[in-house]
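The values are calculated or read from the model by the stated rules, or taken from the named source; none is laboratory data. Being a predicted model, the structure only gives us computed values, none of them experimental. In this analysis, Cβ positions are derived from the backbone assuming ideal geometry, glycine residues included, and neighbour counts consider all displayed protein chains.
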Amino acid sequence: MKKKKETETPQYSVPSFIPIKGPFARWPNLSEVVLAICVFLASVFVSSEGDGDEVIIRALDETPALLLILLAIASISLYWRKEHPLKVLAVTLLMMAIATALGLSFDFFGVPIALYSVGRYEIRDKLSQLGGATIGLIGLILIFDKNETLTDMGFSFIFLFLSWYIGRRVLARREYLQLLQERAEQLEKDKINDAKKAVEEERGRIARELHDVVAHQVSLMTVQAGAAKIVFKKEPQKAMNAMDAVEHAGREALIELRRLLGVIRPDEEVCELAPQPGLGDVPKLVENFCNAGLVVTMEMPTLNKALPVSMDLTIYRIIQESLTNVLKHVGKKASVHVCVKYNENNIQIEIKDEGLAEKEKVPERSGYGLIGMRERIVLLGGTLETKKLDQGGFQVKCYLPFEQE
């Protein structure tokens, strides 16, 4: 059988950090309103027309009414900067052009915000680049302002370009992180699907092999037993030979079954030839775990009815696996309570531990143990509940019905 060539699967790691939600994420509408008001007030009362471009605070009556209207329109448009960044930038440029044409000094602090919004929220590259190119149009508007020097214009160009570029880089980083997240999720889904497929294929293979082995040997046993029945009175020796063949076929079937089960769990020790454990062996099991370091208390009344072999074994395995998980995840000196109850309809098993110290993290419990318990219980028509306790610790509870469908 040819082995498939193994290919390395690329690993994608998403930066593990806890995103801090700012006001624009917590209260988006209110934050946009506050931003528009702050930009309007700053544009009205703050000016750079002082000596040596010194920033000064001017009175409200120093701002013409028409300029107030233009600043108000430009500021209000910022509310829609996320949904329509290009339109907001167009409104801002239009207000600047009108103010400059009327000879009004238009110090609007929303221009870099509008450019940042184009870079950050316009996902179409060409339109975003077109919005960034309007920095040149802003320069043409500034040329008509006689107070602007070449140095001031150069600084304005750099500042406005950085506003757009930073927004573009933030958008690119968001898209990159989202792509990594999607790839990681897809890889996780593929991994789970591959695992499920492998399990299904393995179960199908084992089922076919079990069918072949058992069907062949049982068919042989049936034929030999029928032959022995026919010749028993006339030829006892032939009947004995046929029964020897039945015995031999039965042993061969058991050997093959043990081999197949060994393939499923190859790391387990070879089982000794002894009866399967059951509910009556639970006290001895608990004693062994106490000797290993656990502090186990048990509540188990005497059962007045005989249990089916499969249910008896399942109860034992559930308690055994639960105590093993406590010893593995919590460690020695852990306190565990085992409770077995029953009524007319079902038998209830509950295993509960106190967990680790309060400051330590409670470990997750998963793997083949819980999966195996669930499969055993579902096979008997029961239910399984596993959960972390609020006060710490872990609880396993299951219900097994006496009357099985």
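Annotations
- Flag for Ile371 being under 18 Å from Tyr316 (Cα atoms), of a type in the set (Val, Ile, Thr) and modelled with pLDDT under 85: yes
- Yes/no for Leu94 being at pLDDT 75 or above, loosely packed, with under 15 Cβ neighbours inside 10 Å and in a helix (DSSP H, G or I): yes
- Checking each residue in region 318-342 for being in contact (Cβ under 8 Å) with a residue 24 or more places away in the chain, part of a helix (DSSP H, G or I) and surrounded by fewer than 16 Cβ atoms within 10 Å (Cβ to Cβ) picks out only Thr324.
- Cβ pairs under 9 Å, 6+ apart, first in region 171-193 and in contact (Cβ under 8 Å) with a residue 12 or more places away in the chain, second in a helix (DSSP H, G or I) and surrounded by 11 or more Cβ atoms within 10 Å (Cβ to Cβ): Leu171/Gly119; Leu171/Arg120; Leu171/Tyr121; Leu171/Ser128
- Selected residue (criterion: surrounded by the fewest Cβ atoms within 10 Å (Cβ to Cβ)) from residues of region 343-368 that are at pLDDT below 85 and among the basic types (Lys, Arg): Lys359
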